[in-house]
1. What list do you get for I146, I107 if you sort them by fewest beta carbons within 10 Å?
2. When the chain is fully extended, how far beyond the present Cα-Cα distance does H116 get from R85, taking 0.36 nm per residue of separation?
3. Please rank R125, R18, R136, fewest neighbouring Cβ atoms within 10 Å first, as an exposure proxy.
4. Could you calculate the FRET efficiency of R58 with R17 from 1/(1 + (r/R0)^6), where r is the beta carbon distance between them and R0 is 22 Å, rounded to 0.05?
5. Taking the Kirkwood radius as the inverse of the mean 1/r across Cα pairs, report the Rg/Rh of the stretch 74-126.
Amino acid sequence: MGTPRGARRDFAGLEGRRLDAARLFARGESQAAVARTLAVTPMTACRWYAAWKVGGRRGLKGAGRAGRKPRLTAPELAGLDGALRRGAHAHGFTTDLWTLPRVAAVIERRTGVHYHPGHVWYLLRRLNWSLQRPARQARERDEAAIRQWVRQRWPAVKKTPAASGPGSSSRTTAGSRRSPSSGGRGRLVAKPRS
């Protein structure tokens, strides 16, 4: 069944249920009775019984966290955040642009832990970094010339709705290019084949 995405598991509640099972096993209850009482599957009760037989109540204690342990500790992540904030130039890169392979290289240099560049993004999101793409601009771009063109030439080139006359998308309206009254070609008429 699992846990819904984004929801946290109640590890204390789960451990309490296992310890309830240990108490029931100690009283002599069967695995089937424990499964019914605690609303778990018979297989779960069987696993709990085997762990209880080997280690007693301690065998049913929680393991702590669920899932794989993180490869970078909290202090290492904080150090990585500070290192990234110093910029890519500080780490020997030619531009001050961070890419995922560059971040992966810095992580490996600082901690010795190798991350695939595709997985580096998960770490960056944990550090509250966001995706930023630089605007693409030509190297030859001349801002002064662009401002002058927009101020002087653009008003003469720009089309205005008043200059082109009234327009309509309807074929029955006089402003339409397809209406007979507009002087356009009008509706195409099929000619018999000769």
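Bear in mind that the values in this text are calculations on the coordinates, not laboratory data. These numbers were taken from a predicted model, which means no experiment stands behind them. Positions of Cβ are generated from backbone atoms using ideal geometry, with glycine treated the same way; all protein chains shown enter the neighbour counts.
1. I146, I107
2. Going from the current span to full extension adds 9.1 nm.
3. R136, R125, R18
4. Efficiency for this residue pair is about 0.85.
5. Expressed as Rg/Rh, it is 0.92.
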